[in-house]
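Structure, as structure tokens:
Readers should treat all values here as calculations from the given coordinates under stated rules, not as data from a laboratory. The structure displayed is predicted, hence computed values, not measured ones. Cβ placement follows ideal geometry from the backbone for every residue including glycine, while neighbour counts extend to all protein chains displayed.
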Amino acid sequence: MFYSLEQVVIFYRYQVKFYLTFPRPIDTNIRMTSYKLIYFDLKGRGQLSRLLFAVAGVEYEDCRVKFSDWPALKPTLPFSQMPVLEVNGKKFAQSLAIARYLAEEFSLYGDNSMDHLEINQILELLKDFIFYLDKSFKEEDKEKKVQYMKEALEVHSLTYLRFFENMIKKSTTGFFVGSKLSLGDLAVFDIMDYITERNATALDGCPHLQTFREKIGSIDSVKEFMDSQKK
Ligand SMILES: N[C@@H](CCC(=O)N[C@@H](CS)C(=O)NCC(=O)O)C(=O)O
């Protein structure tokens, strides 16, 4: 069956009029992603993800577990450790995997695979440093525990801060990767906060990192978040 041009025009006119008169109803099946971050009431390995939520302005449940509730919660988590991120009720673990996922969701993971490589370089460096903190956390002998923490904060931290200082010194944009804020910047900012809270002079030999810290710390969302974390 063939339609005349006139019939086709009438048909489309009618359709346009119909959609203008009866706009499509809002799809009630579209659901916002719900996030719940589960971690101790500490900065530690959970803080980078909290910072990502704050910078992205995305709502989430910041579930802070009391030490007294931990033994009961531990066996219910994927790898019996925190942080854990629940996405629409499904649980995921490993702090850096969570941070990467959130950064990707919030467009804070750079623009291409080269940016990802540069960001991951920073995250892996961070992991290498955290090894020394973990050495202290896992030690049961009290004297050794204190000694390992001292070494982590006063010796090893300086090595890693120096790496970051050299990287940011070469940056022409003031950011670690590309020309905009990314997970790489937030990861370095977060570890600097952790270290300087425990070793106030750690950044003394790192003028570029100090400038970087001021720059990131003065971003409204970061400043508001950091102020909210002071106890
Ligand atoms: N590689 C894991 C390590 C997780 C981890 O060591 N979590 C610690 C807190 S920072 C924990 O859950 N400790 C309590 C326990 O193991 O019972 C990650 O990055 O998430």
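A few remarks follow.
- FRET efficiency estimate (nearest 0.05) - Cβ-Cβ, GLU124 to LYS180, R0 22 angstrom: 0.55
- With each label modelled as a point 7 angstrom along the Cα→C-beta vector, the LEU42-SER113 pair spans 3.8 nm.
- Residue-count net charge about PHE106 - beta-carbon cut-off 14 Å; Lys, Arg +1, Asp, Glu -1: -2
- Summed residue charge, Cβ within 13 Å of GLU139's Cβ, Lys/Arg positive, Asp/Glu negative: +1
- Subtracting the Cα-Cα distance of THR159 and GLN94 from their residue separation scaled by 0.36 nm leaves 20.9 nm.
- When the helices of the chain are scored as -39500 (n - 2.57) per DSSP H run of n ≥ 4 and the total is divided over every residue, the value at 222 nm lands at -17500 deg cm²/dmol.
- Gyration tensor (alpha-carbon) shape descriptor, the chain, a/c threshold 1.5: prolate
- Among SER34, SER171, SER157, SER218, the ranking by other beta carbons within 10 Å of each residue's beta carbon, starting with the fewest, stands as SER218, SER34, SER171, SER157.
- Relative contact order %, the chain, counting alpha carbon pairs below 8 Å whose residues are six or more apart: 17 percent
- Contact order relative to length of segment 50-94, as percent, for alpha carbon pairs under 8 angstrom and 6 or more apart: 21 percent
- Sorted by Cβ density within 10 Å, fewest first, the residues VAL155, VAL222: VAL155, VAL222
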